[in-house]
1. Explain nothing, just the number: relative contact order of segment 2-166, from Cα pairs under 8 Å at least 6 residues apart, as a whole percent.
2. Can you divide the C-alpha Rg of segment 2-166 by 2.2 N^0.38 Å and report the result to two decimal places?
3. Give me the number: length gained by fully extending ALA27 to ASP49, i.e. 0.36 nm times residue separation minus the C-alpha to C-alpha distance, one decimal in nm.
4. Can you tell me how much longer the chain between MET1 and THR161 gets when fully stretched, taken as 0.36 nm per residue apart minus their C-alpha distance, in nm with one decimal?
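FYI, it's all coordinate maths here, none of it is from the lab. Bear in mind that the values here come from a model prediction, so they are computed numbers and not experimental data.
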Amino acid sequence: MGRACLSLGGNLEPERHLAAAIAALEARFPGAVVSRVYRTRAVGFDGADFLNAAAVIDSDLDVYALDAWLHALEDAHGRDRSGPRFGDRTLDLDLVLYDDLVLEGPDHPGSSPGQALRLPRPELRHAFVLRPLVEIAPEIVEPRSGRTLAELWAASPERDTPMTPVVLAGIA
């Protein structure tokens, strides 16, 4: 079993897609812990606001199989990978941390061309990823720095980024 930290988000019908993704995670990975959902501005492009959350799961899948499972769930929700890297999307499910793995690996099955799995995921520095993770797993250690997520958040230059909690129908 591996412990994985995930970032969840989307900005095209995000209430519907994020609620469905959370339900799928909870069904596939019993005991999944999910943060509150936050509304945030798009990062890296001018687009509709995103809804973002985080989850911590214990996975029986290895890191590559879990990444492929997340991509398949995105695809099932109409994720279009043909556009620019930073753009609108129905669902964005990213593997941010997996145990204490540090990966700069080659392309792997299910990845977009030129998109290698990188752990810890570089987006961990952004408030829309870090804040929800700190809410549910402040004690997890980021393996490159040796600092806990709570320590990273306390030092984050994005601590003042506006993030509004949102309640999704059917999500506790």
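1. It rounds to 28 percent for segment 2-166.
2. Compared with the compact-globule rule of thumb, segment 2-166 sits at 0.96.
3. 5.2 nm
4. In short, 54.2 nm is gained.
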